[in-house]
């Protein structure tokens, strides 16, 4: 019995350390740093979505809202608080967290209601940020320029750390008693309450973790590209990608969203799809196919075979 | 079942369940044409599951269902209804529809004109239904709901009428009137009747009785044989002989 | 130990859309006592359990658990006060193992000082800790419900039809289990349709009809009471 | 007299928004599926009207009739190909949501490939260039036609649901699907028909989106879906007649925002939806959706 937890601990540690190490190493062999960085940002987004969707069943179509909040949180921190960029990135994560806290009443809704309400929230946030009347604060529709703090190498390193944080969050949720409560809530909310679980609090914590990851991802992305318009960081297709990557690999697992993001984003770049609509078409078809034929993701194939083998 | 009677329904080795949960095990049942059979059993014994499987609302996992000699376990529910099996669930009605519309839905598989005629006949048989005919069904009392539910099932001129706990949620007075109404309807020319119940009053209608327990058949026989079985009586029949 | 009732409900009323499902129910439960809750289908037994356990808020009336006012408390609040229940249709965490099912409750309730495996053993599920709950049959799932409830260390336990759907040879074990739980100082309210089981398990019974308690006393008296006989047999 | 204009325009737009949301609500009521590609069908309806008008000079009112047969066909195919399968999955509500999200992405991408990213529109002069006067306020003829078609669709749907056998069976399924199966209704057949009607209503709404929203672009689908969802949430999910009320409330709110705070008119629909969901998630006439 004593052997198993230790082996578990080692494998968990590897799952946290290896992915960022891999990305870091890849940067020496592959010179398109922005592509790698974007891939890491999507790993973080897919894992963040995994925390809320995979473990509680709440699907936020408007997940991009936290990403955009993170990007703008960072930009505003740089422009108005004049803090060092790393602090500004952290404040971007805080911005995601604050928006999520503000929107936590949405967790009272279920299913389609929640999914669409979160989408509406993200759209509302976009219209708020890009509103010409707020030009003095957000620069409205004219976008943000972070050239003063531009440092592609440092941003890349931050993204490597972000992947580690994202993996750590998911491993923790997967292994901890908190994660067990979340799975219990998902299986039967009323029974979970009868087991003494504070369902609202547990869901809210998952929601905040998930949003903070997206906020950090948005912050680092903003730092890396340094000039962007509100449409770019509130683009609904960012939600779509996160959902597709997570679903493709398998939500509720530790490795699924990681694999999903690497494989799909990698294949997309390898094929060299140049038009965004072709990308959208392929991913749309993929979503439909996943739902129809692989509802539990790529990893479920392996699990199924294992189960049959036993 | 008496020897000379034609067999309406024959169920053999029926098993059914939900997901990983098997609720009904290896169940056998026989009903003659125009025979009335009551299946007694406590809550959770698998009574509703049995009926839902008979109607095709739930797939049979094992076993066979023959209806007048024809195998029907693979048929759609709508085909079974068209073949003459009518069913009243525990809900029994469409609350959002008017009573009239409920009756029309009962005759969904029949030609229009016949349905109208049938509804007029039934309204004479069930004055309670005739009185509430124009109103919405959600306004009905529990007893009225059951009456409308039974009438709705009868509109289709079934050869087999299947009722899921018509006594559920009813006060004793209403249970009596439902039993009486059913007795009136059945008579000599009426359809075969299959009622699952936990209320003993429905034994008044029964020619034969089955007892279901834990998803399995525990007893089959006549009402008299049942009354003679002391352990069954003590286990199931209310507080009688406590 | 004080002699106040473990559970006291008074005037408990609950309406759905204006229709009363419970109409002023009074009930007291003492430690060590098993009370049977009887009544025909639709008489309000499960509604009563749902209101006491916080699933529904009462329209009127009062619930006291171990001397504390618990009227309108959320389920998790009631669990902390020492009350728990099982479900008529069992509701385990299907995608979790049996041990995890109990573990969740152990972490969040009042620790009864037993391990997951001890509680599973007690409920007749020993050796199955690593199975997924969805692989259990319905009678095992009911016992898992009970195990989860026990893992929160309840003083008051509401048991909704544990025996229904069980095989005949499982009944004696279930009866013994419930009596043992009461003997250890818990108060039990047991809904059941199987009269043999009720006779085996309960000290006294309360009979509900149309949302109101029409009888309280021994099972023997109940079977003589004309109102009760009317409700059950329509005689 | 700004308020009077906002009031009249609000009611006209309300009828249009009711039309835009009607199909989504009907499909949800019968199948418990949210067709997230609804807004994309509206968009396609708009392109159909533009193409037929530009190439063949067909009046948009004729297009209303022309879109019905292909819509029914698309609805049938979509339901039997996709709908039946998700309905039998473990979590139909969530799975259908995700799947139709994918469908919406596909439709949008195909529209960009087929029509390009530019806005397409028809001059509102097809319905007369002189504004009509209502209570002293000048209102474009196209608005009146759009609102009129919306009202007609509502009435026709009402007649269908309450005075035909198929409609009664449809309501029976909304009331209790199992009970309906038990009287012999084939839910797949009714669902496919309903899906077809829902798609048709969206396509018709699309034709008039050209005049009410001012042109159509491939990317507007998502926004339209959210708008339609807002309308049915206000009126109550699964209650087709509540949609009428929801449309009017939404139309008025939008018109008053546009009149008095035009900068916020992009923000307003989403904010309205959020507020309604948080304050009264059951809608004005709907059933409970909150979790335990």
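Residue by residue through the range D:205-221, note down the ones that are part of a helix (DSSP H, G or I), within 14 Å of chain A (Cβ to nearest Cβ) and surrounded by fewer than 24 Cβ atoms within 10 Å (Cβ to Cβ). Step through it out loud before you land on a result.
Initial filter on the range D:205-221 (part of a helix (DSSP H, G or I)): D:205-214, D:218-221.
Checking the rest, the ones that are also within 14 Å of chain A (Cβ to nearest Cβ) come to D:218-221.
Selection gives D:219, D:220.
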Test residue B:34 against the stated conditions and say whether it is in a loop (DSSP other than H, G, I, E, B) and surrounded by fewer than 23 Cβ atoms within 10 Å (Cβ to Cβ). yes
Out of curiosity, is residue A:209 closer than 30 Å to residue C:102 by Cβ and either part of a helix (DSSP H, G or I) or touching a strand residue (DSSP E or B) at 6+ places or on another chain (Cβ under 7 Å) (or both)? yes
Would you call residue C:72 in contact with a strand residue (DSSP E or B) (Cβ under 7 Å, 6 or more places away or on another chain), more than 22 Å from residue C:166 (Cα to Cα) and more than 10 Å from chain A (Cβ to nearest Cβ)? no
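In the list C:107, C:99, which residue meets the criterion of being out of contact with any strand residue (DSSP E or B) (no Cβ under 9 Å at 6 or more places or on another chain), free of Cβ contacts under 8 Å to residues at least 12 places away in the same chain and assigned by TED's automatic domain parsing to the domain that holds residue C:121?
Values: C:99 fails: free of Cβ contacts under 8 Å to residues at least 12 places away in the same chain.
Every option except C:107 fails the conditions.
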Selection from the range D:232-255 of residues without any contact (Cβ under 8 Å) to a residue 60 or more places away in the chain and on the phi > 0 side of the Ramachandran plot yields D:236
Of everything in the range D:130-148, what is over 12 Å from residue D:212 (Cα atoms) and assigned to a helix (DSSP H, G or I)? Give them in sequence order. D:148
Residue among A:248, A:293 that alone is free of Cβ contacts under 8 Å to residues at least 24 places away in the same chain, closer than 28 Å to residue A:186 by Cβ and within 12 Å of chain D (Cβ to nearest Cβ): A:293
Residues (facing chain D (nearest Cβ under 7 Å) and either at pLDDT 95 or above or closer than 19 Å to residue B:195 by Cβ (or both)) located in the range B:55-83: B:55, B:57, B:81
Subset of the range C:192-235, residues at the interface with chain B (Cβ under 8 Å from one of its Cβ atoms), in a loop (DSSP other than H, G, I, E, B) and in contact (Cβ under 8 Å) with a residue 24 or more places away in the chain, comes to C:193, C:194, C:210
With (1) outside any helix (DSSP H, G or I); (2) surrounded by 16 or more Cβ atoms within 10 Å (Cβ to Cβ); (3) within 14 Å of chain A (Cβ to nearest Cβ) as the list, and residue D:117 as the residue in question, which single condition is left unmet? (2)
Going residue by residue through the range D:279-288, is there one that turns out to be modelled with pLDDT of 85 or more and part of a helix (DSSP H, G or I)? no
Identify all residues within the range A:6-20 that are free of Cβ contacts under 8 Å to residues at least 60 places away in the same chain and surrounded by 11 or more Cβ atoms within 10 Å (Cβ to Cβ); write none if there are none. A:9, A:11, A:13, A:14, A:18
Scan the range C:115-125 and tell me whether some residue there is outside the structural domain of residue C:37 (by TED's automatic domain parsing), crowded, with 20+ Cβ neighbours inside 10 Å and either within 15 Å of the chain's Cα centre (by Cα) or part of a loop (DSSP other than H, G, I, E, B) (or both). yes
So, in the range B:35-48, exactly how many residues are touching a helix residue (DSSP H, G or I) at 6+ places or on another chain (Cβ under 8 Å) and away from chain C (no Cβ under 14 Å)? 3
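Take residue D:95 and decide whether it is under 18 Å from residue A:284 (Cα atoms), more than 21 Å from the chain's Cα centre (by Cα), facing chain A (nearest Cβ under 8 Å) and buried (at least 17 other Cβ atoms within 10 Å of the Cβ). Even if it seems obvious, please write down each step before you answer.
Values: under 18 Å from residue A:284 (Cα atoms): yes; more than 21 Å from the chain's Cα centre (by Cα): yes; facing chain A (nearest Cβ under 8 Å): yes; buried (at least 17 other Cβ atoms within 10 Å of the Cβ): yes.
When the stated conditions are applied, residue D:95 passes them.
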Out of the residues in the range D:222-240 that are at pLDDT 85 or above and away from chain A (no Cβ under 11 Å), which is surrounded by the most Cβ atoms within 10 Å (Cβ to Cβ)? D:231
Which of the residues spanning the range A:164-206 are in contact (Cβ under 8 Å) with a residue 24 or more places away in the chain, under 20 Å from residue A:8 (Cα atoms) and either within 14 Å of chain C (Cβ to nearest Cβ) or not in a helix (DSSP H, G or I) (or both)? A:174, A:175, A:178, A:179, A:183
Out of A:115, A:147, A:158, A:122, sole residue that is within 23 Å of residue A:43 (Cβ to Cβ) and away from chain D (no Cβ under 14 Å): A:158
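Based on what the data block shows, is residue B:86 modelled with pLDDT under 90 and touching a helix residue (DSSP H, G or I) at 6+ places or on another chain (Cβ under 7 Å)? Break it down stepwise before answering.
Values: modelled with pLDDT under 90: no; touching a helix residue (DSSP H, G or I) at 6+ places or on another chain (Cβ under 7 Å): yes.
So residue B:86 fails the test.
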Restricted to the range B:157-191 and to residues being at pLDDT 90 or above and crowded, with 20+ Cβ neighbours inside 10 Å, the residue nearest to residue B:33 (Cα to Cα) is B:160
Residue pairs meeting the criteria (Cβ under 7 Å; at least 6 apart or on separate chains; first on the phi > 0 side of the Ramachandran plot, in the range D:194-212; second buried (at least 24 other Cβ atoms within 10 Å of the Cβ)): none
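Does residue D:68 fit the bill of being modelled with pLDDT under 90, at negative phi and in contact with a helix residue (DSSP H, G or I) (Cβ under 9 Å, 6 or more places away or on another chain)? It would help to see each step written out before you state the result.
Numbers: modelled with pLDDT under 90: no; at negative phi: yes; in contact with a helix residue (DSSP H, G or I) (Cβ under 9 Å, 6 or more places away or on another chain): yes.
For residue D:68, the condition - modelled with pLDDT under 90, at negative phi and in contact with a helix residue (DSSP H, G or I) (Cβ under 9 Å, 6 or more places away or on another chain) - is not met.
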For the range D:241-267, enumerate the residues that are assigned to a helix (DSSP H, G or I), within 12 Å of another protein chain (Cβ to nearest Cβ) and surrounded by 19 or more Cβ atoms within 10 Å (Cβ to Cβ). D:257
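This table checks each residue for (1) closer than 17 Å to residue A:89 by Cβ; (2) out of contact with any strand residue (DSSP E or B) (no Cβ under 9 Å at 6 or more places or on another chain).
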{"position": "A:125", "(1), (2)": "no, yes"}
{"position": "A:135", "(1), (2)": "no, yes"}
{"position": "A:144", "(1), (2)": "yes, no"}
{"position": "A:154", "(1), (2)": "yes, yes"}
{"position": "A:157", "(1), (2)": "yes, yes"}
{"position": "A:167", "(1), (2)": "no, yes"}
{"position": "A:175", "(1), (2)": "no, yes"}
{"position": "A:181", "(1), (2)": "no, yes"}
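The values are calculated or read from the model by the stated rules, or taken from the named source; none is laboratory data. Treat the numbers as computed from the prediction; the structure is a model and nothing was measured. Virtual Cβ from ideal backbone geometry, glycine too; neighbours counted across all protein chains shown.
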